[in-house]
Structure formats: C-alpha cells, structure tokens
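To start, the structure under review is shown below, and the notes come after it.
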Amino acid sequence: MVFLQRLYPLFLILLNFIPTAYAEWLSDKQAIMGTDVRVEVWHEEVGEGRVAIEAVMAEMRRIDRLMSPYLNESELSNINRHGADAPVPISGELFDLIARSVAFSEMTHGAFDITFASVGHLYNYRRKIKPSEGMLQAALPGIDYRHLLLSKGSNTIKFAKPGIRIDLGGIAKGYAVDRSIAILQRWGIRHALVTAGGDSRLLGDKKGRPWMVGIRDPRSEGKVIAMISLVGTSISTSGDYERYFETGGKRYHHIINPRSGRSVNGIRSVTVIGPDATTTDALSTSVFVMGVKKGMQLVDSLPRIDAVIIDAQGRMHYSAGLLQPGSGQPIRPKMD
Ligand code: AMP
Ligand code: MG
C-alpha cells in the first residue's frame, strides 16, 4: 500500500505526458533549395511524425542536389555544360520535369520557358549585377524552349545550338512540395502543410478548420493583405520582391520575359491556387510574365485553377472562381 501511495503521484505525472506523446502538431523549418522549407504535420504518434518530417527534408535536399544550377555536380549543371555537344543521358525524373516544363511553355505560348536562363544567368541579384545591353542581345537567341531536343526512348536531352542554359527555378520547388506531400501520405498522414519559399501544398484541413494562407503585401514585408482559407489544395506566389535589386530607379527582379530577357513590369505578385504545386508553381511564374489580362484569361480557361494578381499600382485582380459566391474558395481582406 505504501508502495502504491508513492507511485500514485508519479502515475499522475506520466498521465499528463501520455496524450501529447500520441497526437500532436509537429513542425520543422530548414534552409534548403535557397529558401525556407517548412513542414507541419498532425500525427497520431509523435516519433513517426518526426521521422516523416525528416524524410521530407531529405527529399528536398535530394531534389536540390539533382536540379540546382548552383551545384557543379547536379544533373542540371551537367546538361548545361554538355547539352550543345551531344545528347546527354539524364534520369527519368529530370527528363519528366523538363518535359512538363516544355508542356507549360506550349500552354503559355512561351511565357514559361526554362531556357530563360540563357540570359538569366547573367543577372546576379544579390550582387546587383545585370548584363550590358550587348551581352543581353548576344545571349537572347538562346531563349526558346523549342531548342530543347528531348528523346523519350533514350531519356536524353540535347540543345539545338550552343549558348543555351536551362534553370528549373520556376517549377522545381512546386515539384519538391508535391513529392513531399506524397511521402507524408505514405506515412499515413492526413493533415499537413509543406511550404518551400512561395510554394505550398495542404493535405486535408487543419483538423476541423481550413488552413489560412496569407498573401503578403508586395511592398511591405511582414504585412498580409489577404487571407485565403484552403483545404487540400496548392498555392504558389511569384513576386517581384523575392530576388531583386534597384538601380537608376528601376527594379531588376528574377522573373524574366523570355522575349526580351528583361524583368517583367506591370505586376508585383501573382498567387495561383490549384490541385498540385508543380502546376501552381509553373503557372504563377507564367501568369506573371503574361500580364493581368492574358494571364487571367489563361487562369479562367483552366479547370480548378484560380489566381489573385497584384498589379504595379497595387490593385488586386481575382479570377472568376474567387469572385463567385459559394465557389468554395472564399477570400476576404484581412481585418487588422
Ligand atoms: P517563382 O518564384 O516560382 O515565380 O520562380 C521564379 C524563378 O523562376 C526565377 O528565380 C527563375 O529561376 C525562374 N524563371 C524566371 N523567369 C522564368 C520564365 N519566364 N520561365 C520559367 N522560369 C522562369
Ligand atoms: Mg513559380
């Protein structure tokens, strides 16, 4: 009896810990792919949840090693080094993502184009470097997705001529987010958020309520100008504030018009909502290049795709699906 009395308080303490050890929101944030990767999951068993989050981080790092243009040993860098010489054999995974990129080029009439990098690599936003007019004009003929010769049977890629570079910066983060969600699903997780920079995908809801995702004010860091409530969907934002520098009263930023090799004017940010993050990532970049009118026309022509565009005057434009009451995609201005 004395023994039991002594144990009793200990038992109570243990009881306090047991529920949290079994079901909890878990989260982690790591710097990968040149951006912040954030994962939030609800898992019935904390240990397993943590392993699942680490599996996602490992997947993000794997994709970065495969597709980064900044790593000499990445498959992508190897293509850029040898693509003009002979067909370069590549992994099925990279082949498929390049093929998907080309499909987005066709869908957007060249607004989305991974060969933008033929000129894009001449900019360094951190060091405020841009190409001279002569360098830009010399490199511009390298931009055209039709210069990419893909051979499905042998999984090779060849550049039609020298002076071409590719960069998957407009689609790879969304792809990595989709792969991450698939991993979480395999772990039996049904409520999660994965974010890589401006690209997010939500699995299920936030246990009984929707996820609230903010659209930031493009000219005021930390200020949110709209909140969107979402369940089981993807959302990507492309902004002229992510990587840029200003000189001579002009903003040079990382979204390049493939026709001119220059940063796109007229828009500050584009947010696209859709079923998967590869699509929303590619489309947010595409719509940014296409501009408000043509970009919104494309969005409204695509099933299950919506968008919010903030133009150069700070005005907000909504796709038809977001304006219709009862469309299932409520949007409301933030009240603060
Ligand atoms: P996002 O933030 O998803 O819009 O991606 C921007 C990134 O996409 C840039 O940093 C570039 O790596 C890449 N990019 C820029 N312009 C284009 C373009 N016209 N087509 C495809 N990718 C682009
Ligand atoms: Mg994008």
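Side notes on the structure shown:
- Calculated FRET efficiency for the pair residue 302/residue 70, C-beta based, R₀ 45 Å, to 0.05: 0.90
- Computed on the Cα trace of region 94-246, the radius of gyration divided by the Kirkwood hydrodynamic radius gives Rg/Rh = 1.04.
- Gain on full stretching of the segment that runs from residue 125 to residue 311 - 0.36 nm per residue minus C-alpha separation: 64.8 nm
- Stretch in the chain that is longest and holds no GluC sites (Glu not before Pro) that DSSP places in a loop and that have at most 12 other beta carbons within 10 Å: 74-220
- Between helix 2-22 and the chain: long-axis angle, C-alpha atoms, 0 to 90°, nearest 10: 20
- Gained length - residue 136 relative to residue 58, 0.36 nm times residue gap less alpha-carbon distance: 24.3 nm
- Here the extension length gained between residue 30 and residue 262 equals 80.4 nm, from 0.36 nm per residue of separation less the Cα-Cα distance.
- Value of Rg to Rh for the chain, rounded to two decimals, is 1.05; Kirkwood radius and Rg both from alpha-carbon coordinates.
- Across q = 0.12, 0.13, 0.15 Å⁻¹, region 221-320 modelled as identical point scatterers on its alpha-carbon atoms has Debye log10 I(q)/I(0) values of -0.37, -0.44, -0.58, in the order of the q list.
- GNM result for the chain, Cα springs below 10 Å: residue of 286, 238, 154 fluctuating most strongly: 154
- Degrees separating the helix 92-107 axis from the principal Cα axis of the chain, which is the longest one: 60
- Under Karplus coefficients 6.51, -1.76 and 1.60, residue-wise ³J(HN,Hα) of region 49-63 in Hz, glycine/proline x: x, 5, 5, 4, 5, 5, 5, 5, 4, 5, 5, 4, 5, 4, 5
- A Förster radius of 35 Å combined with the Cβ-Cβ distance from residue 227 to residue 187 puts the calculated FRET efficiency at roughly 0.75.
- Relative intensity, log₁₀ I(q)/I(0), of region 199-269 from a Debye sum that treats every alpha carbon as a point, q = 0.14, 0.27 Å⁻¹: -0.57, -1.20
- Computing FRET efficiency as 1/(1 + (r/R0)^6) for residue 212 and residue 251, where r is the C-beta to C-beta distance and R0 is 30 Å, gives about 0.50.
- For the chain: relative contact order, % (alpha-carbon pairs under 8 angstrom, 6 or more apart): 15
- The alpha carbon convex hull volume per residue for region 216-256 rounds to 86 Å³.
- Stokes-Einstein D (µm²/s) once Rh is taken as the Kirkwood radius of region 17-95 over alpha-carbon pairs, at 37 °C in 0.692 mPa s: 221
- Applying the criteria of a DSSP loop state and at most 11 other Cβ atoms within 10 Å to the trypsin sites (Lys or Arg not before Pro) of region 131-221 yields 152, 207.
- Computed over region 28-155, the ratio Rg/Rh where both radii use C-alpha atoms and Rh is Kirkwood: 1.05
- Euclidean distance between Cα centres, region 102-174 to region 202-258, Å: 24
- Sorting 316, 227, 212 by accessible area puts them as 212, 316, 227; the probe is 1.4 Å, largest comes first, and only protein heavy atoms count.
- Computed from Cα atoms, the angle from the helix 292-301 axis to the main principal axis of the chain rounds to 60 degrees.
- When region 45-98 is described by a simple charge dipole with +1 on each Lys and Arg Cβ and -1 on each Asp and Glu Cβ, the residue from 68, 46, 58 located farthest towards its positive end is 68.
- Applying the Karplus relation 6.51 cos²θ - 1.76 cosθ + 1.60 with θ = phi - 60° to region 166-171 yields 3J(HN,Hα) values of 10, 8, 9, x, x, 9 Hz, where x marks Gly and Pro.
- Pairs beyond 23 Å (Cα-Cα), from 152/294; 130/250; 128/250: 152/294
- Fraction of alpha-carbon pairs over 21 Å apart in region 156-308 - percent: 50
- D (Stokes-Einstein, µm²/s), Kirkwood Cα radius, region 130-203, 1.567 mPa s at 4 °C: 83
The values are calculated or read from the model by the stated rules, or taken from the named source; none is laboratory data. Here the structure is a predicted model, which is why all the values come from computation and not from measurement. Positions of Cβ are backbone-derived with ideal geometry, glycine not excepted, and every protein chain shown enters the neighbour counts. To get the accessible areas, we keep the full protein, side chains included, count just its heavy atoms, and leave off ligands, DNA and RNA. Shrake-Rupley method; radii C 1.70, N 1.55, O 1.52, S 1.80 Å.
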